Amino acid sequence: MRYPIAIEPRTNHSDYGVVIPDLPGCFSAGDTLEEAIAGAEDAGLAWIDEALDAAEPVPPPSSLEAIRSKPEYAGWILSLITIDPAALDDTIERINITLPRRVLRRLDDEARAAGETRSGYIAKLAVSR
C-alpha cells in the first residue's frame, strides 16, 4: 500500500515534520528528509497495526492529487511511503513452541480462568502490550 505523506519543510527552528493525512494523528519528524520519511513509514505501520489490534477500519490511501488540493498542505512537500501488506497479515499460522511444563501449566490455568484457549490467550497477551 502506498500512502501519501505531507512534509513540512525544515526551518532554522524545527525539523522536517511529516503527516500521513489518511491516518489521523499519525506523524513523524526528522533532522533530514530521509529520516523524516523513514520515520513516517514506521509511524504508518504502527498506526495501522494498532487499528487492526483494536478491530478498527484502516482507511484506504488517497491519491497525491487529493492531498495536493487540500489548502492545509500548501507549500508542503508531497511524497509517498510504502506500507508492506505482508507486515499486517492476519493469516492464522500454526507454530510449535517449547515451554517448561510448569510454565505451560500456569499458562493454561490463566487461559482457562480468562475463558480463552491457549493460543487465544497468548495472542491477547502479545497484542495488549
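Below is a table of values for the structure above.
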| quantity | calculated |
| --- | --- |
| Residue within region 120-128 that is closer than 30 Å to Val19 by Cα, assigned to a loop (DSSP other than H, G, I, E, B) and modelled with pLDDT under 95 present | yes |
| Test: Ala43 is modelled with pLDDT of 95 or more and in the same structural domain as Asp15 (by TED's automatic domain parsing) | yes |
| Hey, Ser79 within 20 Å of Ser28 (Cα to Cα), within 27 Å of the chain's Cα centre (by Cα) and hydroxyl-bearing (Ser, Thr, Tyr) or not | yes |
| Any hit, region 93-107, residues being more than 21 Å from Asp53 (Cβ to Cβ), in a helix (DSSP H, G or I) and in contact (Cβ under 8 Å) with a residue 40 or more places away in the chain | no |
| Given (1) under 12 Å from the mean Cα position of the chain (by Cα); (2) β-branched (Val, Ile, Thr); (3) not in a loop (DSSP other than H, G, I, E, B), index of the condition Ile67 fails | (1) |
| Every pair of residues 6+ apart whose Cβ atoms lie under 8 Å, when the first sits in region 112-129 and is under 19 Å from Ala51 (Cα atoms) while the second is at pLDDT below 90 | Val127/Asp53 |
| Residue within region 62-81 that is touching a Gly at 6+ places or on another chain (Cβ under 9 Å), within 12 Å of Ile20 (Cα to Cα) and of a type in the set (Val, Ile, Thr) present | yes |
| Filtered residues of region 37-57 (kept if acidic (Asp, Glu) and either outside any helix (DSSP H, G or I) or loosely packed, with under 15 Cβ neighbours inside 10 Å (or both)) | Asp42, Glu50, Asp53, Glu56 |
| When residues of region 65-96 are limited to those that are farther than 20 Å from Met1 by Cβ, among the β-branched types (Val, Ile, Thr) and exposed (fewer than 10 other Cβ atoms within 10 Å of the Cβ), the one modelled with the highest pLDDT | Ile95 |
| Hits in region 23-36 (condition: buried (at least 19 other Cβ atoms within 10 Å of the Cβ) and touching a residue at least 24 places away in the same chain (Cβ under 8 Å)) | Leu23, Ala36 |
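The values are calculated or read from the model by the stated rules, or taken from the named source; none is laboratory data. On a predicted model such as this, the values are computed, not experimentally measured, just so you know. Every residue, glycine among them, receives a Cβ derived from its backbone with ideal geometry; neighbour counts consider all protein chains shown.
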